[in-house]
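These notes are about the structure you will find just below.
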Ligand code: TYD
Ligand code: MG
């Protein structure tokens, strides 16, 4: 008998009101644990030179965007997790992905613990999917899934969703952290022993974590999130962990009446080039193996509050305060008299300091009501002394900017390759004022 925090998995022998590990209240639930040892054959050591090559175990989709997100295709024996809020399109995406592979002759087992055969069939009809290679199974018990795998011998198993799967070996209810962890582990074993690809769907709670979160993330090979704005039709699929590829790789999909469609050329997807307004500046962010251009928009208005407002979307608020402080000190601009709203368009979140320069330009451009051309790209980290510091992958950023038709790049004073695009090197933040004339 033990008590387990449903938020982080912390185990305690007595009930606690507040979790000492994650600080959440009222998250402890009593769970019964019992484990029997299973009889099994152990694996034999083999020489590295005899193990399979990447080309033997990678399955390519043949859709460049999807292949890229998966690091060049899926890997046999790979254990994948797809997280996302309810209704975002997880079941749709995996049924479509399953279908691409089914058409290539792979066998798919789609296990649903939350929908009936006819519900899945309805979705499939809408997506125009009707493959003999896709097998449906509405089953909640992990032992039943094991039977299904033994019978069908699939190449790919899709579990929709982990929160609805349980094992009779454990007394707690489906969705509890013990069930998620133990069923997750049973599925892991099934995946590796049978060399199948398993894709597990996990619902995400409002705080952005999969319920029973850490319990699964460490055991799977790759974690993907499907995100999107509630009202919009666009969805971003992002890799946050991948043992077989890049992390932070993104792909964009549009939700249509016939399911998700991939958006190509996403580098410029987040920009609206025709609309120029004061407060907008273009920056570059690294997303996996790609450079993507996004727009930083700000609105700087006279404040009516004793403490001016600072609000951000997609940017770190402390970083914003820091940049504002640097500008107040170095440029003597009285930001303390202004409210500042800063937003990164398209739902991208910026974690890179290489966008500092663009953020500063955007803020000053709004304050001074001066438009900045969207043919300008701003790259550079801003130091506390107002110096513009070098950034990583500078050549890649400039090269991509050139390819996408930007006219000018404002960059730190660092060595770069000889490229055919106008370059302005900026050493100190004071020089921004020149741009804004
Ligand atoms: P779904 O895949 O069921 O979401 P999840 O598994 O993440 O909960 O899809 C949810 C929404 O997508 C649903 O509101 C209907 C919409 N949708 C479309 O717009 N077009 C389609 O072709 C399909 C199948 C669904
Ligand atoms: Mg679903």
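The values are calculated or read from the model by the stated rules, or taken from the named source; none is laboratory data. Please read all numbers here as calculations on a predicted model, not as lab measurements. Heads up, the Cβs are rebuilt from the backbone with ideal geometry, glycines too, and the neighbour counts pull from every protein chain shown.
General remarks:
- Yes/no for residue 38 being outside any loop (DSSP other than H, G, I, E, B) and under 29 Å from residue 171 (Cβ atoms): no
- Scope region 393-413; condition in contact (Cβ under 8 Å) with a residue 60 or more places away in the chain and in contact with a helix residue (DSSP H, G or I) (Cβ under 7 Å, 6 or more places away or on another chain); matching residues: 400, 404
- Lone unmet requirement of (1) over 26 Å from residue 227 (Cα atoms); (2) in the same structural domain as residue 196 (by TED's automatic domain parsing) for residue 81: (1)
- Among the candidates 18, 76, 60, 14, residue that is under 21 Å from residue 195 (Cβ atoms) and without any contact (Cβ under 8 Å) to a residue 40 or more places away in the chain: 60
- Residue satisfying condition, being assigned by TED's automatic domain parsing to the domain that holds residue 292, surrounded by fewer than 24 Cβ atoms within 10 Å (Cβ to Cβ) and touching a helix residue (DSSP H, G or I) at 6+ places or on another chain (Cβ under 9 Å), within set 371, 349: 371
- Qualifying residue in region 147-168 (condition: surrounded by 23 or more Cβ atoms within 10 Å (Cβ to Cβ), within 16 Å of ligand 2 (Cβ to nearest atom) and in a helix (DSSP H, G or I)): yes
Residues are listed down the side, and each one gets a yes or a no for (1) within 16 Å of ligand 1 (Cβ to nearest atom); (2) crowded, with 18+ Cβ neighbours inside 10 Å; (3) on the phi < 0 side of the Ramachandran plot; (4) at pLDDT 85 or above:
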{"position": "254", "(1), (2), (3), (4)": "yes, no, yes, yes"}
{"position": "257", "(1), (2), (3), (4)": "yes, no, yes, yes"}
{"position": "270", "(1), (2), (3), (4)": "no, yes, yes, no"}
{"position": "274", "(1), (2), (3), (4)": "no, no, yes, no"}
{"position": "279", "(1), (2), (3), (4)": "no, yes, no, yes"}
{"position": "282", "(1), (2), (3), (4)": "no, yes, yes, yes"}
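- Counting the residues of region 3-31 that are part of a strand (DSSP E or B) and loosely packed, with under 14 Cβ neighbours inside 10 Å gives 3.
- Qualifying strands (runs of 3 or more DSSP E) (wholly inside region 320-432; at least 3 residues being over 25 Å from the mean Cα position of the chain (by Cα)): 338-344, 408-412, 422-426
For (1) at pLDDT 95 or above; (2) within 13 Å of ligand 2 (Cβ to nearest atom); (3) crowded, with 22+ Cβ neighbours inside 10 Å, each residue gets a yes or a no:
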position: 72; (1), (2), (3): no, no, no
position: 79; (1), (2), (3): yes, no, yes
position: 89; (1), (2), (3): no, yes, no
position: 104; (1), (2), (3): no, no, no
position: 108; (1), (2), (3): yes, no, yes
position: 111; (1), (2), (3): yes, yes, yes
position: 114; (1), (2), (3): no, yes, no
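- Filter result for residue 236 (assigned to a strand (DSSP E or B), within 14 Å of ligand 1 (Cβ to nearest atom) and in contact with a helix residue (DSSP H, G or I) (Cβ under 9 Å, 6 or more places away or on another chain)): yes
- Flag if residue 143 is surrounded by fewer than 22 Cβ atoms within 10 Å (Cβ to Cβ), without any contact (Cβ under 8 Å) to a residue 40 or more places away in the chain, over 28 Å from the mean Cα position of the chain (by Cα) and farther than 26 Å from residue 256 by Cα: yes
- Number of residues in region 118-140 that are closer than 21 Å to residue 258 by Cβ, without any contact (Cβ under 8 Å) to a residue 60 or more places away in the chain and in contact with a strand residue (DSSP E or B) (Cβ under 9 Å, 6 or more places away or on another chain): the value is 10.
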